[in-house]
Amino acid sequence: MNLRKATLAALVLTGAAVALAIVFGSGKDTEGAQAAAAANPGEPVVSIVSPRNGEVQPNHAVVVKVDLENFELAPQNFGKEPELGEGNIRFSLNRVPNCVDPKKLQRALNSPLGTERLKGASMDYPEHAGPNGILAERIGTAGSYSPATRPEIFYNKLPPGFYRLTVTLAQNNGATTPYHDVTNFQILQKPGHHVKKCEPGKVSSAKAAEQAE
C-alpha cells in the first residue's frame, strides 16, 4: 500500500512539473529541435539529456548534460571572434517562485507567445554553478547565465522547488544564437521539512501547475 501511495505521489508531482512548463516555459523544445534538424540538415542542434523534462528528484544538486550536433565547442577561442559552427554554451537555471501573484499567473496563462512567462531567481552564481558561476562573474553574466566550454554543468545547493533550465548555443564572443533547448524539473523538500505557506492573495507553484493543466 505504501509503495502504491509513493508511486501515485511521484506521478502527481511529475504531472505538476510538466504543467508548470506551460507557465514558466515549455520543455518540448527538444522535439522541435530534432524536427528542425531533420528539416534543415547541417544546422546546429542542442538537446538536453539530463535532467529530463518533468523529472522529480530528492537530491539538491543536478548534473546537466547536453548533446550537440553540427556544433563544435571551442574553449581555445572563448571570448574571441565568431567562427562558423563553433562557440560555447549558455546554461541558465531559474527557480520558480514558491508563491505567485494571481494576476501575473493569469497573464502567463493568457500569453500565447510566452512573453509574460514568470521568471524566478537565477542559480547562475558561484554558490550554485561552481566554476561556471565564477566564470560568469568574471565576464559579467552572473545572474543571467553560466558560460561553458563543455557539454555539461554541475549545479548544487539547490533549494527545493520547481526549476526551468534553458540551454543556448553561443558564438565564441558570447553572442547568442537561435539554437536552444528547455527542460523543467523539481527538487523535493527534505524529509521532515515543510514548504512555507503562501501569504493571502498568492498561490503556490503547485497550485499554479493545477491551473495550467
Round to the nearest 0.05 the FRET efficiency obtained for Asp101 and Asn156 when R0 = 45 Å and r is the Cβ-Cβ distance. 0.95
May I ask you to derive the FRET efficiency for Glu86 and Arg138 from their Cβ-Cβ distance with R0 = 22 Å, giving the value to the nearest 0.05? 0.55
Counting Lys +1, Arg +1, Asp -1, Glu -1, what net charge surrounds Gly87 among other residues with beta carbon under 15 Å of its beta carbon? -3
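No lab work stands behind these numbers, since they all come straight from the coordinates. The shown structure was predicted, so the numbers you read here are calculated from the model rather than taken from an experiment. Neighbour counts run over all protein chains shown; Cβ positions are idealised from the backbone, glycine included.
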